[in-house]
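All remarks here apply to the structure that follows.
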Amino acid sequence: ERRERERKLSKEMKEKAIRELEEMQLKEKAEIKYKEWLKKKRAEEAEKKKIEKEKEKEREAELQGKRERSEKIFQEWLQNARNKPRPVLNGYGVPRGKSTGLYSYLHICSD
């Protein structure tokens with residue numbers, strides 16, 4: 001009986017050692033897979049940030065181009081506005097030779 005118990009005990013210890021070894025191997029595999037996944041995820045995030053920065057640079061360049069075109073168009077308009085002839089005023093209340101406002105009322109009343 002004693003030998004039988006010892007044999008059972010040693011068999012159980014062997015099985016327990018095998019299970020512990022298998023668990024350790026599984027943990028190691030899981031850790032390796034996790035590290036690979038984490039590395040891949042970080043690479044994807046870095047790529048995503050890189051693409052986002054490129055898009056931001058493109059948007060900024062486009063906005064800068066629009067600002068420059070707008071400024072150029074504004075300066076052209078400003079030059080043209082300075083060079084345009086001003087309309088000649090005939091005097092207060094007498095545009096185009098006809099009386100308006102208070103003066104036209106007085107003119108009608110005096111008739």
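The values are calculated or read from the model by the stated rules, or taken from the named source; none is laboratory data. Keep in mind the model is a prediction, meaning the values are calculated, not measured. So basically every Cβ, Gly included, is an ideal-geometry build from the backbone, and we count neighbours across all protein chains shown. Areas reflect the complete protein model, heavy atoms only, side chains present, ligands, DNA and RNA absent. Shrake-Rupley method; radii C 1.70, N 1.55, O 1.52, S 1.80 Å.
Rounded to the nearest 20 debye, what is the charge dipole size of the range 22-64 about its Cα centre when +1 sits on each Lys and Arg Cβ and -1 on each Asp and Glu Cβ? Walk me through the numbers before you get to the answer.
On the way: 15 positive and 14 negative charges, 13 e Å.
My answer is approximately 60 debye.
Roughly what percent of Cα-Cα pairs across the range 36-85 reach past 16 Å? Let's see the in-between values first.
Values: 782 of 1225 pairs.
Percent of Cα pairs beyond 16 Å in the range 36-85: 64.
In straight Cα distance, which aspartates and glutamates are under 17 Å from Lys72, not counting same-chain residues fewer than 8 positions off?
Lys72 reaches Glu62.
Below 19 Å, Cα to Cα, which aspartates and glutamates can Lys35 reach? Residues fewer than 8 away in the same chain don't count.
Qualifying aspartates and glutamates at Cα under 19 Å: Glu23, Glu44, Glu45, Glu47.
For the range 1-48, what % of the accessible area comes from carbon and sulfur atoms, probe 1.4 Å? Mind dumping the intermediate values first?
On the way: 2920 of 5380 Å².
Of all accessible area on the range 1-48, carbon and sulfur atoms account for 54 percent.
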